[in-house]
Amino acid sequence: MQDKKIAFLGSGSPRAKKALEALSTRYTTVPPEDADIVVALGGDGFILQCLHESMRRKTPIYGMNRGSVGFLMNEYKEDGLLERLSSAQSVRFVPLRLKSFGLDGTESEALAINEVSLLRETRQASKIRILIDGVERMAEMICDGVLVATPAGSTAYNLSAHGPIVPIGSDVLALTPISAFRPRRWRGALLPHNAKIRFEVLEAEKRPVSAVADGTEIRDVAAVEVSEAPEFAVTILFDKEHGLEERILKEQFAS
């Protein structure tokens, strides 16, 4: 690891700033565009930001928790960083591509590592038609919204919406309704990772809907298509004793 060039990035919080100063003083650092590994100091939101920025550079990200939850982060320690990086396990994340079609005819695209979600914009519930690989699977769902989560994102918003936790490497996506009114008892579906999902917003002008890919929001959509974008796959590094698969397994037994 001695010959690997490392960049340190901090979220801007007081804890992250202090850690960034300490590590930059202790270890040799380079700009992110020249790095072989980026060490991200912050929380889950910050590492997602770093992953989006690394999609074209393909630089692995090693996170150390200076935020709150830190589900995607490793424990913060200043000692032995080079050894930890050398022995870290890599996990490949394939993002989702959101392609939206606006009421005004505009088309937009965005990428999501965690999830793509459709959300109502007003007091009225949305009405959404769902097609999988060109086949209608639900003619109309009345709901606050619906989301598609990757395995990495299944423990985030998807879990809060009572969706399933999906193990890393399972090659499935979670399709989860958000506060569904009709059909009331439908809890969602697990889909093959290569499924082509299309949402059509019914009564879109009366019941406007936004599409969100991680932190990117597109308002007033008429339809949204979601599929994998393997060409933008990213890599996160985890300490062996604190791997992501073990965390996801433990989360399924959490009270």
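The values are calculated or read from the model by the stated rules, or taken from the named source; none is laboratory data. Here the structure is a predicted model, which is why all the values come from computation and not from measurement. We place every Cβ from the backbone using ideal geometry, glycine too, and count neighbours over all the protein chains shown.
Summary of computed values
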| item | result |
| --- | --- |
| Residues being part of a loop (DSSP other than H, G, I, E, B) and not aromatic (Phe, Trp, Tyr) - total across region 61-78 | 10 |
| Residue selected from region 89-139 under the condition β-branched (Val, Ile, Thr) and either more than 12 Å from the chain's Cα centre (by Cα) or within 21 Å of PRO208 (Cα to Cα) (or both), by the criterion surrounded by the fewest Cβ atoms within 10 Å (Cβ to Cβ) | VAL135 |
| Filter result for ARG137 (free of Cβ contacts under 8 Å to residues at least 60 places away in the same chain and assigned to a loop (DSSP other than H, G, I, E, B)) | no |
| Given (1) closer than 21 Å to ALA213 by Cα; (2) without any contact (Cβ under 8 Å) to a residue 24 or more places away in the chain; (3) buried (at least 19 other Cβ atoms within 10 Å of the Cβ), index of the condition GLU53 fails | (3) |
| Filter result for the condition that a residue is over 26 Å from LYS58 (Cα atoms) and touching a helix residue (DSSP H, G or I) at 6+ places or on another chain (Cβ under 9 Å), over PRO177, PRO183, PRO95, PRO164 | PRO164 |
| Residue within region 199-209 that is touching a residue at least 12 places away in the same chain (Cβ under 8 Å) and within 17 Å of the chain's Cα centre (by Cα) present | no |
| In region 140-190, residue surrounded by the most Cβ atoms within 10 Å (Cβ to Cβ) [restricted to those that are among the basic types (Lys, Arg) and closer than 25 Å to THR122 by Cβ] | ARG182 |
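Yes/no matrix, rows are residues, columns are (1) under 16 Å from LEU85 (Cα atoms); (2) surrounded by 14 or more Cβ atoms within 10 Å (Cβ to Cβ); (3) in the same structural domain as LEU237 (by TED's automatic domain parsing); (4) out of contact with any His (no Cβ under 7 Å at 6 or more places or on another chain):
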| position | (1), (2), (3), (4) |
| --- | --- |
| GLY12 | no, no, yes, yes |
| ALA19 | no, yes, yes, yes |
| LEU23 | yes, yes, yes, yes |
| THR29 | yes, yes, yes, yes |
| ASP34 | no, no, yes, yes |
| ALA40 | yes, yes, yes, yes |
